[in-house]
Amino acid sequence: MTLSIGSIPQQDVFQRVTSAKNEAIAVRGSLIGGGAYFVFAFVPIFIAYAALLIDPAMKELFKADDAREIQRILPELVLNRTPLWAQIMFFGALLSAILSTRAARCSRPRRCSPRTCCARSCRAWATGSSC
């Protein structure tokens, strides 16, 4: 449902609307929340665009046969242009996002059992498919 109509049915939007004092505050809170979502979602896009401006050779990744090569822009920027502490922060946050997404997906009933979830996850990662 979220894929078809966006973030409307999600818990945080529902709480923001239902806990407001009146309709005007509910509308204002939803607009501010939507703006905050947009700003935070735009940060990686801005950084990847900046990477293309910093290193024009990365534009060659767009010409690759495998479309997944484009995903290397941000990690390559971090590895080649940032200090070690920033690399640790970036890859730590990336690993945290991956693990929390996998944990949320594996906790769904009847989708993956605890025993097979790790094996499916590794197989899916290796083949590039989903669990």
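The values are calculated or read from the model by the stated rules, or taken from the named source; none is laboratory data. Worth saying up front: this structure is predicted, and the values here are computed from it rather than measured. Here the Cβ positions follow ideal geometry from the backbone for every residue, glycine too, while neighbour counts run over all protein chains shown. Remember, those area values only see protein heavy atoms, side chains included, never the ligands or the DNA or RNA. Shrake-Rupley method; radii C 1.70, N 1.55, O 1.52, S 1.80 Å.
Being without any contact (Cβ under 8 Å) to a residue 24 or more places away in the chain and open to solvent by 50 Å² or more (accessible area, probe 1.4 Å) narrows it down to one residue among 54, 25; which is it?
25
Any chance you could count how many residues in the stretch 57-68 are surrounded by fewer than 12 Cβ atoms within 10 Å (Cβ to Cβ) and over 19 Å from the mean Cα position of the chain (by Cα)?
Going through the stretch 57-68 one residue at a time, the tally reaches 8.
Provide a single number: the residues in the stretch 69-96 that are surrounded by 10 or more Cβ atoms within 10 Å (Cβ to Cβ), over 15 Å from residue 44 (Cβ atoms) and not small (Gly, Ala, Ser).
7
Say whether the condition of being more than 22 Å from the chain's Cα centre (by Cα) and either at pLDDT below 80 or in a helix (DSSP H, G or I) (or both) is met by at least one residue in the stretch 6-15.
yes
Would you list the helices (runs of 4 or more DSSP H) that sit entirely within the stretch 21-131 and hold 1 or more residues that are modelled with pLDDT of 80 or more?
Once the helices (runs of 4 or more DSSP H) in the stretch 21-131 are filtered for at least 1 residues that are modelled with pLDDT of 80 or more, what remains is 23-54, 73-81, 84-106.
Output the qualifying pairs, or none if there are none: Cβ atoms under 6 angstrom, residues six or more apart or on different chains, first residue in the stretch 79-103 and within 19 Å of residue 51 (Cβ to Cβ), second residue surrounded by 12 or more Cβ atoms within 10 Å (Cβ to Cβ).
If the second residue must be surrounded by 12 or more Cβ atoms within 10 Å (Cβ to Cβ), the pairs left are 87/78; 90/78.
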